[in-house]
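One structure is given below, encoded as structure tokens.
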Amino acid sequence: MKFAIVTGASRGLGDETARLALKKGYHLITVARKPELSSLQQEASAQKLTHTHFAADLSDPESVISVSKKITQIIEAESLDEVLLINNAGMVSPIGPVGRMDSEEISKHVSLNTAAPMILLNELKKAIYDVPLTVVNITSGAAERSTYGWSVYGSTKAAINLFTQTAAAEADELGLDELHVAFSPGIMDTEMQTEIRSSSTQDFKDVEKFKQFKQEGQLRSPNEVAELLFQLIHKRNAIESGRVYRVYDLVD
């Protein structure tokens, strides 16, 4: 059996990658705050695949640990050929300069964007030491440059990039059959983009540029990006583990 685990699977890129995973024949495990994902459940049943959904708030560290252990219990009970983990859940808020953000929101942001992917992978690897593993951590170009108002967002994504690189180096040193990539999906037509465009110029200096992206039709659909992501990981043995791959590099 091959399993795909997708976080933030209720909408946007997470929803589209979960659907594609089913089309590729993966049994599916999803995590999102929504209590159920009935559409994915129906699609899995139609393809005679299993779908297990966990409703969890991954900005809460205790919830992350709890759901990670539940996932590994499922994984450990199966005869596995392959596991795919897509750490997609994330948030962009709080947006604003340092000194004007809500500290509780910063804490939730760091937990969701950085600690949750680390904990999920850490628990998963305890259960599948000898199983081929592909890990995709969703990142952002914000990790590579400073952007006014995005100090927290850019920092958490930079941390994920280094975590990806280090996990890949460790797996290589240990001779494990693992691929770890950070994937930057670019600007997509999602609720996160709507949130960004609703920011004030006092909090986010680039807000007008993001409004222009929308007006000029420059936002890719989550479905298109999900397709490109699966094309990338399909070349599992031909791509470099530990790298950041950008959607723009995959488009002809």
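The selection criterion, being at pLDDT 95 or above, surrounded by fewer than 20 Cβ atoms within 10 Å (Cβ to Cβ) and either within 22 Å of Gly99 (Cα to Cα) or not charged (D, E, K, R) (or both), holds for Gly154. Taking (1) surrounded by fewer than 19 Cβ atoms within 10 Å (Cβ to Cβ); (2) touching an Asp or Glu at 6+ places or on another chain (Cβ under 8 Å); (3) in a loop (DSSP other than H, G, I, E, B) in turn, Gly25 satisfies each apart from (2). When you scan the range 175-193, do you find a residue that is without any contact (Cβ under 8 Å) to a residue 40 or more places away in the chain, of a type in the set (S, T, N, Q) and surrounded by 18 or more Cβ atoms within 10 Å (Cβ to Cβ), even just one? For the range 175-193, residues without any contact (Cβ under 8 Å) to a residue 40 or more places away in the chain, of a type in the set (S, T, N, Q) and surrounded by 18 or more Cβ atoms within 10 Å (Cβ to Cβ): present. Restricting attention to the range 61-77, the residues being touching a residue at least 24 places away in the same chain (Cβ under 8 Å), surrounded by 15 or more Cβ atoms within 10 Å (Cβ to Cβ) and not hydrophobic (A, V, I, L, M, F, W, C) number 3. Scanning the range 94-107 for residues being in contact with a Ser or Thr (Cβ under 6 Å, 6 or more places away or on another chain) and crowded, with 18+ Cβ neighbours inside 10 Å gives a total of 1. Please determine whether any residue of the range 204-227 is touching a strand residue (DSSP E or B) at 6+ places or on another chain (Cβ under 6 Å), assigned to a loop (DSSP other than H, G, I, E, B), surrounded by 13 or more Cβ atoms within 10 Å (Cβ to Cβ) and among the charged types (D, E, K, R). Within the range 204-227 (the criterion being touching a strand residue (DSSP E or B) at 6+ places or on another chain (Cβ under 6 Å), assigned to a loop (DSSP other than H, G, I, E, B), surrounded by 13 or more Cβ atoms within 10 Å (Cβ to Cβ) and among the charged types (D, E, K, R)), the answer is no, since none of the residues qualifies. With the structure loaded, tell me whether Val152 is part of a helix (DSSP H, G or I), over 15 Å from the mean Cα position of the chain (by Cα) and either over 24 Å from Thr52 (Cβ atoms) or without any contact (Cβ under 8 Å) to a residue 24 or more places away in the chain (or both) or whether it fails that test. So Val152 passes the test. Conditions first: (1) within 21 Å of Phe163 (Cα to Cα); (2) in contact (Cβ under 8 Å) with a residue 12 or more places away in the chain. Lys125 passes all but one, so which condition is the exception? Of the numbered conditions (1) within 21 Å of Phe163 (Cα to Cα); (2) in contact (Cβ under 8 Å) with a residue 12 or more places away in the chain, the odd one out for Lys125 is (2).
A single member of Val135, Val131 is surrounded by 20 or more Cβ atoms within 10 Å (Cβ to Cβ), among the hydrophobic types (A, V, I, L, M, F, W, C) and either more than 19 Å from the chain's Cα centre (by Cα) or modelled with pLDDT under 95 (or both), and it is Val131.
Please pick out the residue among Ser111, Ser59, Ser107 that is more than 21 Å from Thr164 (Cα to Cα) and not charged (D, E, K, R). Just a single option satisfies the conditions, and that option is Ser107.
The values are calculated or read from the model by the stated rules, or taken from the named source; none is laboratory data. In this text the structure is predicted, and so the values were computed from the model without any measurement. Methodologically, a virtual Cβ is constructed for each residue, glycine included, from the backbone with ideal geometry; neighbour enumeration extends over all protein chains shown.
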